[in-house]
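Scroll down for the structure; my scribbles are underneath it.
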Amino acid sequence: MNLLMKVFFKVLIAVFILSGFSAFSQTKSQALARINSEGFQHSQVMQLIADLSDVYGPRLTGTDQYFTAAEWAKKTMLGWGVDNVYFENYCDDCMGWEVKSFNVEMVEPAYMKIQAYPYAWTESSKGVQIGDLVWMESHADMEKVKKQWGGKLQGKTILLGPAPKQNMLFEGLSTRFTEDELEEAKKSILPAPGNPLGISSGNTDLVAKKDIVFGSSMRKDDAFYAFLKAEGALSILGTRPLFPGIVHPSGTYSFRESHIKSVPYFAISPESFGKLKRLMDRSIAPKIKFHLDAALYLKPKNNVNIIGEITGSDPQLKEEVVMIGAHFDTWHPASGATDNGAGTGVMMEVMRIIKATGLQPKRTIRIALWGGEEQGFLGSLAYAEKHYGKVGETSRKKELKKISGYINMDNGAGQMRGLYLQGNEAVRPVFEEMLAPYKHLDVNTLTIQNTNWTDHDVFDHYKIPGFQIIQDMLNYQTVTHHTNLDALEYVPERDVMVNATVIAALVYQIAERDALMPREE
Ligand SMILES: [Zn+2]
């Protein structure tokens, strides 16, 4: 071969390689362009979240409302052409509980409307009740409670806990992460502890926190409930000092048929609590008038995860699955727009965007909308144990190997700012590349940090690359999380549009990769 020929071939090869590369990246950028215009210019995410919150919220675990919403979600996804939308039961003895009517008032020494909401799974009152108030500082030590209060609670309402501290609202109620905070997060070299974004980063392992998630810490109030019933107490009023003017009735876990149910138990506002306590400190005895009418029922058919799939287009790779998910259940005192209507709506919108673009990803994309997350990951845990093997045991099912990754959304309605890598260094360059086209949206902070307390913990336990999105906090921890103000008003449209579009782009790219997402050693 003469020199000229050699040069000619070299040039030919170079052109071939270059055109091949550009064809590939062109395909990818074309696909992302389609995802972007569908997600930004034809978005339906706000409508979905409005449906989920205004029409189909709240969705407390076990309720008919939950199941009606599940049927709506199924029908909606089938309408977009999502294949295989189906339900999987996750609990046989989780009970539904719905408020029909309630009221709490102080009627002596003067009238005061008490800002209140009943805790879930507490019993109804026997019609309207009026009784004196007593103050009980703590119920942590039951021996002490029995000694001090035995025989003294008949016909009484209990004001439970210390008076809330004064909160002058000096701090901003709604925040986005600052550049400095995100920079700090990027520099983390260990997954825990001390997440610079202020999110709990401690031990994410399910076995380690089994007791908190489904063990004795959930049952810690049972003896107290039983005692109050036996003593003939009328009701309990409690508060959370954290939220000025806000009622925060989450954290009762009597959801199983066998669990003891409390006498009517109301969360009241810190200000209502403060005034009642101050009156008692002056030896002025408030009289409390209340009623609670709530339906408590067991319908196992309500306890379903909603699963939907876009089947992969590659004959081999379609066996492999990229999963996205969000918990579908909510607490009960408002419509659950930010926890977790926003996460659910965003993940449903991801499925819609992918279908609407007509893209045909190689791997199967599966959405899972979980029930019972608020009661300790009931839905995702039941799913994982059925498909991957029991928590804490070593034997694992074949299906586990086919899951490339899982992305979860459950930190409110704030914009995505990046991803918690859960200690998995191998995914950092992968996500860096996938998020590069979205730098202008400030969604690309990657931190090695853990975050926990939602459904991705379950996937993490099985060493499936499972991730929770970093989201701007907005007013999630200060106003909406599990409160009576969890409403559509606190869902900013642009934030959820960005979330759905960027997650659709991520999921598409994960489904198109040559290999599965790299797992932790
Ligand atoms: Zn949540």
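The values are calculated or read from the model by the stated rules, or taken from the named source; none is laboratory data. It should be emphasised that the depicted structure is a prediction, and the values quoted were computed from it without experimental measurement. Don't worry about glycine lacking a Cβ; one is built from the backbone with ideal geometry, like all the others, and counts go over all protein chains shown. In case anyone asks, the SASA skips ligands and DNA or RNA and just uses the protein heavy atoms, side chains included. Shrake-Rupley method; radii C 1.70, N 1.55, O 1.52, S 1.80 Å.
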Subset of the range 364-384 [under 28 Å from Gln509 (Cα atoms) and away from the ligand (no atom under 16 Å from the Cβ)]: Thr364, Ile365, Arg366, Ile367, Tyr383, Ala384
Would you check if Val350 is away from the ligand (no atom under 16 Å from the Cβ), of a type in the set (A, V, I, L, M, F, W, C) and either surrounded by fewer than 24 Cβ atoms within 10 Å (Cβ to Cβ) or over 16 Å from Ile324 (Cα atoms) (or both)? no
Do we have any residue at all in the range 182-192 that's under 30 Å from Gly96 (Cβ atoms), in contact with a Ser or Thr (Cβ under 8 Å, 6 or more places away or on another chain), modelled with pLDDT of 95 or more and surrounded by 15 or more Cβ atoms within 10 Å (Cβ to Cβ)? no
Of all residues making up the range 234-259, the number that are over 16 Å from Glu137 (Cα atoms) and buried (at least 16 other Cβ atoms within 10 Å of the Cβ): 14
Residues in the range 271-293: is at least one open to solvent by less than 10 Å² (accessible area, probe 1.4 Å), under 26 Å from the mean Cα position of the chain (by Cα) and either away from the ligand (no atom under 16 Å from the Cβ) or modelled with pLDDT of 95 or more (or both)? no
Reported set for the range 94-111 where residues are closer than 20 Å to Thr61 by Cβ and open to solvent by less than 50 Å² (accessible area, probe 1.4 Å) is Cys94, Met95, Gly96, Trp97, Glu98, Val99
Aromatic (Phe, Trp, Tyr) and surrounded by fewer than 24 Cβ atoms within 10 Å (Cβ to Cβ): is that true of Phe227 in this structure? yes
Aromatic (Phe, Trp, Tyr), over 24 Å from Asn475 (Cβ atoms) and open to solvent by less than 10 Å² (accessible area, probe 1.4 Å) - does that describe any residue in the range 319-337? no
Show the residue pairs that are 6+ apart or on different chains and have beta-carbon atoms under 8 Å apart, the first residue being within the range 42-60 and free of Cβ contacts under 8 Å to residues at least 40 places away in the same chain and within 14 Å of Ala487 (Cα to Cα), the second being open to solvent by 40 Å² or more (accessible area, probe 1.4 Å) and polar (S, T, N, Q). Tyr56/Gln65; Tyr56/Thr68
Close pairs (6 angstrom Cβ cut-off, 6 or more residues apart or separate chains): open to solvent by less than 10 Å² (accessible area, probe 1.4 Å) and away from the ligand (no atom under 15 Å from the Cβ) in the range 410-422, in a loop (DSSP other than H, G, I, E, B) and of a type in the set (A, V, I, L, M) anywhere: Met416/Val443; Leu421/Ile448
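Here is a yes/no grid of residues against (1) open to solvent by 10 Å² or more (accessible area, probe 1.4 Å); (2) of a type in the set (A, V, I, L, M); (3) within 30 Å of Val55 (Cα to Cα); (4) within 16 Å of the ligand (Cβ to nearest atom):
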| site | (1), (2), (3), (4) |
| --- | --- |
| Ala436 | yes, yes, no, no |
| Lys439 | yes, no, no, no |
| Thr447 | no, no, no, no |
| Asn450 | yes, no, no, no |
| Thr454 | no, no, yes, yes |
| Ile470 | no, yes, yes, yes |
| Leu485 | yes, yes, yes, yes |
| Ala504 | no, yes, yes, no |
| Gln509 | yes, no, no, no |
